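Engineer: Below you'll find the structure I mean.
The values are calculated or read from the model by the stated rules, or taken from the named source; none is laboratory data. Since the structure is predicted, the reported quantities are computational estimates derived from the model, not experimental observations. Virtual Cβ from ideal backbone geometry, glycine too; neighbours counted across all protein chains shown. Ligands, DNA and RNA are excluded from the accessible area calculation, which covers all protein heavy atoms including side chains. Shrake-Rupley method; radii C 1.70, N 1.55, O 1.52, S 1.80 Å.
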Amino acid sequence: MTVEQWLKYAKQQLTTAGSSSPAIDAEVLLLSVLDKPRSYLFTWPDKALTATQSDQLQVFLSRRLSGEPVAYITGVREFWSLPLQVAPSTLIPRPDTERLVELALQKLPSSGGDVLDLGTGTGAVALALASERPDCQLTGIDLQPEAVSLAKSNATALSIENATFLQGSWYSPLQDGTKFAVIVSNPPYIDPDDEHLTQGDVRFEPLSALIADKQGMADIEWIAEQGRCHLSDGGWLMFEHGYDQGPLARDCLTALGYCDVVTEQDYAGHDRVTMGCWKGL
Ligand code: GLN
C-alpha cells in the first residue's frame, strides 16, 4: 500500500468505528510510524510502505479502533509547542490547559520566582512555564511515581533545567514554610458519576487524574485551603476546573480569604480557570 492508500483505508475504518476525528487520527498514526513531518504526506503520497511499517500501522490502527487515545498509542502529545511523552499513568495534556499557562504567565513576578504545579502529570504546565521563564524555578508534584518519572524524563528531553519534580500527595513533599509566588494546578475535578467518563478517550485515562469527591470539588478545596500556607504575600493560586464549577470555585477561594478572585474562560468561552491572590490573614 502507498501512503495515500493507507490514509484512505485507515480513515474509512475509523469513520465506520465512529471516530470523531478519523482523518487526523490516521495522519498522526502514519506520521508516527514513518517518523516524518506532516508535509511528507503531501510530498510523498505514492511512496510504498514497507512490510514493517504496514505491520506496525495495523497494530496502531487496531488499538485506535478499539478506542485507545492516539496519544497513548504514539506516546507523544504536543503541549505549548513542546513535544511531551505521555503514558497511561498520566492525563493527556489538553489544549484548554494552555489557558492556565497563559494566565499563569501573566501573574509570574517580573523578577522571577518560585512556582508550584500540583498534580503535574506529564509535567506539561510546569515545563511550559519553565520554558517561557528560565528565571523562574518550577516545582512539580504528583502522587503517581510513574508520572514523576515521566515529567523528569520530559524535562531532560527538552533540556529544561529550571524544573524539579517530587512525588507525593499535593503539598506533602514540601517542607513546612516553603512559599511560592504562584501555585498552579490542573487537578482532578470531574464528578465520579459524570457520564462523560464512560465515553471516548477519557475511558483510558487514570481516574485518579480525573475524578474528585464532592461533585468534583474535593481536591480543589484542599489545594485552596492548604495553599494559604505555601503562598508568598501577594502570591496567586490558580487552577483549572469544569465549565460549571466557576461559581463554586470562586465561593471556595473567597470563603478562605483569597482576594481579587476571578474566573477566566477557555478558548470555547467556558469558565475554566479560577484564581485568587493571597495577601495573608
Ligand atoms: N478537562 C478534562 C476532561 O474533561 C478533565 C481534566 C481534569 O480532570 N483535570 O476530560
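Engineer: What number of residues within segment 56-78 satisfy the criterion of being part of a loop (DSSP other than H, G, I, E, B) and open to solvent by less than 60 Å² (accessible area, probe 1.4 Å)?
Structural biologist: Residues in segment 56-78 being part of a loop (DSSP other than H, G, I, E, B) and open to solvent by less than 60 Å² (accessible area, probe 1.4 Å): 4 in total.
Engineer: Would you confirm, using the coordinates I've provided, whether residue 242 is assigned to a loop (DSSP other than H, G, I, E, B), open to solvent by less than 30 Å² (accessible area, probe 1.4 Å), within 16 Å of the ligand (Cβ to nearest atom) and under 24 Å from residue 146 (Cα atoms)?
Structural biologist: no
Engineer: Let me ask you something else. May I ask you to list the residues in segment 213-239 that are open to solvent by 10 Å² or more (accessible area, probe 1.4 Å) and within 30 Å of residue 67 (Cβ to Cβ)?
Structural biologist: Answer for segment 213-239, where residues must be open to solvent by 10 Å² or more (accessible area, probe 1.4 Å) and within 30 Å of residue 67 (Cβ to Cβ): 213, 214, 215, 218, 219.
Matching residues to (1) of a type outside the set (A, V, I, L, M, F, W, C); (2) assigned to a helix (DSSP H, G or I); (3) at pLDDT 95 or above:
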residue	(1), (2), (3)
139	yes, no, yes
147	no, yes, yes
161	yes, no, yes
165	no, no, yes
192	yes, no, yes
202	no, yes, yes
214	yes, no, yes
223	no, yes, yes
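Engineer: State yes or no: is residue 111 open to solvent by 10 Å² or more (accessible area, probe 1.4 Å) and part of a loop (DSSP other than H, G, I, E, B)?
Structural biologist: Against the criterion (open to solvent by 10 Å² or more (accessible area, probe 1.4 Å) and part of a loop (DSSP other than H, G, I, E, B)), residue 111 qualifies.
Engineer: Failed condition for residue 165, given (1) open to solvent by less than 40 Å² (accessible area, probe 1.4 Å); (2) within 20 Å of residue 273 (Cα to Cα), with all others met?
Structural biologist: Among (1) open to solvent by less than 40 Å² (accessible area, probe 1.4 Å); (2) within 20 Å of residue 273 (Cα to Cα), residue 165 violates only (2).
Engineer: Return the total of residues in segment 184-207 being within 11 Å of the ligand (Cβ to nearest atom) and open to solvent by less than 50 Å² (accessible area, probe 1.4 Å).
Structural biologist: Number of matching residues: 12.
Engineer: To continue, here is another question. Restricting the search to segment 2-19, which residues are touching a helix residue (DSSP H, G or I) at 6+ places or on another chain (Cβ under 8 Å) and modelled with pLDDT under 95?
Structural biologist: 17, 19 - these are the residues of segment 2-19 that are touching a helix residue (DSSP H, G or I) at 6+ places or on another chain (Cβ under 8 Å) and modelled with pLDDT under 95.
Engineer: Kindly evaluate residue 210 against the criterion of being buried (at least 18 other Cβ atoms within 10 Å of the Cβ) and over 24 Å from residue 122 (Cβ atoms).
Structural biologist: no
Engineer: What are the residues in segment 38-55 that are part of a helix (DSSP H, G or I) and open to solvent by less than 80 Å² (accessible area, probe 1.4 Å), if any?
Structural biologist: 39, 40, 41, 51, 53, 54
Engineer: Using beta carbons and a limit of 6 Å, which pairs, at least six apart or on different chains, have the first residue in segment 266-277 and part of a loop (DSSP other than H, G, I, E, B) and the second one open to solvent by 40 Å² or more (accessible area, probe 1.4 Å) and among the hydroxyl-bearing types (Ser, Thr, Tyr)?
Structural biologist: Listed pairs, sorted by first residue: 270/243.
Engineer: Just to be sure before I move on: is residue 120 crowded, with 24+ Cβ neighbours inside 10 Å, among the polar types (S, T, N, Q) and under 15 Å from the mean Cα position of the chain (by Cα) in the structure I sent?
Structural biologist: yes
Engineer: State yes or no: is residue 30 modelled with pLDDT of 95 or more and either open to solvent by 40 Å² or more (accessible area, probe 1.4 Å) or within 25 Å of residue 202 (Cα to Cα) (or both)?
Structural biologist: yes
Engineer: With respect to the numbered conditions (1) within 20 Å of the chain's Cα centre (by Cα); (2) surrounded by fewer than 18 Cβ atoms within 10 Å (Cβ to Cβ); (3) more than 13 Å from the ligand (Cβ to nearest atom), which one is the sole condition not fulfilled by residue 176?
Structural biologist: (1)
Engineer: Condition (residue is open to solvent by less than 40 Å² (accessible area, probe 1.4 Å), away from the ligand (no atom under 16 Å from the Cβ) and under 23 Å from the mean Cα position of the chain (by Cα)) applied to segment 79-92: is it met by at least one residue?
Structural biologist: So far as segment 79-92 goes, yes, one or more of its residues are open to solvent by less than 40 Å² (accessible area, probe 1.4 Å), away from the ligand (no atom under 16 Å from the Cβ) and under 23 Å from the mean Cα position of the chain (by Cα).
Engineer: In segment 220-239, what residues are within 12 Å of the ligand (Cβ to nearest atom) and without any contact (Cβ under 8 Å) to a residue 40 or more places away in the chain?
Structural biologist: Matches in segment 220-239: 220 only.
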